[in-house]
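Since every read-out is calculated from the coordinates, none of them should be taken as a lab result. These numbers come from a predicted model, not from an experiment. Cβ: placed from backbone, ideal geometry, glycine included. Neighbour counts: every protein chain shown.
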Amino acid sequence: MSIILNIETSTKNCSISIANKGEILAIKELNNGNYSHAEVLHPFIVDVLKEANLSSNNIDAVAVSKGPGSYTGLRIGVSAAKGLCFAFDKPLISIDTLTSLSYSISFNSGYIVPMLDARRMEVYSAVFNQNHENIREIKAEIIDENSFSEYLDANKVFFVGDGAQKCKEIITHKNAVYVDDKFPSAKEMAKLSYNKHKKNDIENVAYFEPFYLKDFVVIPQKKKKPIY
């Protein structure tokens with residue numbers, strides 16, 4: 001048995017799954033356009049355990065999406081995962097968010113570029129081959145018409161994730177393929193977390209921090225004009 005609770009909160013998709021040896025037993029997701037993770041995450045955990053007919057004591061490990069992604073979303077997910085690990089004395093497994101997102105599609109030839117929105121024209125991205133092997137490091141980058149040209153000139157490039165949507169009108173190369181409605185999910189985390197669990201590839205619960213990639217920046221709200 002290898003029962004792992006998977007927690008994915010790096011984007012607006014709040015996703016929780018419970019899996020045995022990488023096979024999903026139950027999953028619960030909500031992507032309503034808002035960051036409602038603080039309200040729904042713990043009820044979702046209760047729901048997936050109940051659906052799988054399991055209790056917290058049956059969990060062998062807790063896996064969490066480590067980023068990059070939303071600062072607030074990651075903080076909520078990691079805090080919940082660490083709390084469960086401390087409470088039930090379970091190991092913590094971290095899963096790279098863009099790697100997990102790359103597994104949301106499959107293809108025979110070309111590249112995949114998972115992208116997460118990082119505000120304005122900036123994205124968090126990486127490049128993977130058809131075997132989901134990372135061939136270019138994760139970056140926070142500003143997109144222009146020449147972005148990913150070396151890959152686009154060589155083969156099809158599949159852009160996936162909420163960051164890809166802002167690129168459609170900028171990257172118009174004939175080899176650019178945009179895959180809609182894909183978000184990081186606890187579904188794709190299941191096999192990745194199981195593989196790490198088998199190798200005892202775990203984190204130090206006390207010191208683990210999300211991979212934010214860049215510093216959190218508070219954007220001041222515009223002052224409302226007084227009403228006379």
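Backbone geometry of the range 179-192 corresponds, through the Karplus equation with coefficients 6.51, -1.76 and 1.60 at θ = phi - 60°, to 3J(HN,Hα) couplings of 9, 8, 6, 10, 9, x, 9, 5, 5, 6, 5, 4, 5, 5 Hz, x marking Gly and Pro.
Helical runs assigned H by DSSP (4 residues or longer) give the chain a calculated mean residue ellipticity at 222 nm of -7500 deg cm²/dmol, each run adding -39500 (n - 2.57) before division by the residue total. Grab the Cα-Cα distance for GLU39 and LYS198, subtract it from 0.36 nm times how many residues apart they are, and report the gain in nm with one decimal. The GLU39-LYS198 span can extend by a further 54.0 nm.
Under a 5 Å amide H cut-off, with hydrogens placed 1.01 Å from N, ALA26 pairs with ILE18 among residues at least 5 apart or on other chains. Spatial offset of the range 156-185 relative to the range 33-74 amounts to 27 Å, using the alpha carbon center of each. Note on ASN131 and MET1: the model spin-label points, each 7 Å out from Cα along the C-beta direction, lie 3.5 nm apart. Summary value for the chain: 23 percent relative contact order, contacts being C-alpha pairs under 8 angstrom separated by 6+ residues.
The fewest-to-most ranking of GLU203, GLU209 by surrounding Cβ atoms within 10 Å reads GLU209, GLU203.
Arranged from fewest to most other beta-carbon atoms within 10 Å of their beta carbon, THR99, THR9 become THR99, THR9. Here the relative contact order of the range 1-134, from alpha carbon pairs under 8 Å that lie six or more residues apart, stands at 21 percent. Between GLU141 and ALA206, the FRET efficiency estimated from the beta carbon spacing at R0 = 30 angstrom works out to 0.40.
With each label modelled as a point 7 angstrom along the Cα→C-beta vector, the LYS168-PHE107 pair spans 1.7 nm. Legend: translational diffusion of the range 105-179 by Stokes-Einstein, Rh = Kirkwood radius over C-alpha pairs, 10 °C, 1.306 mPa s; D = 132 µm²/s.
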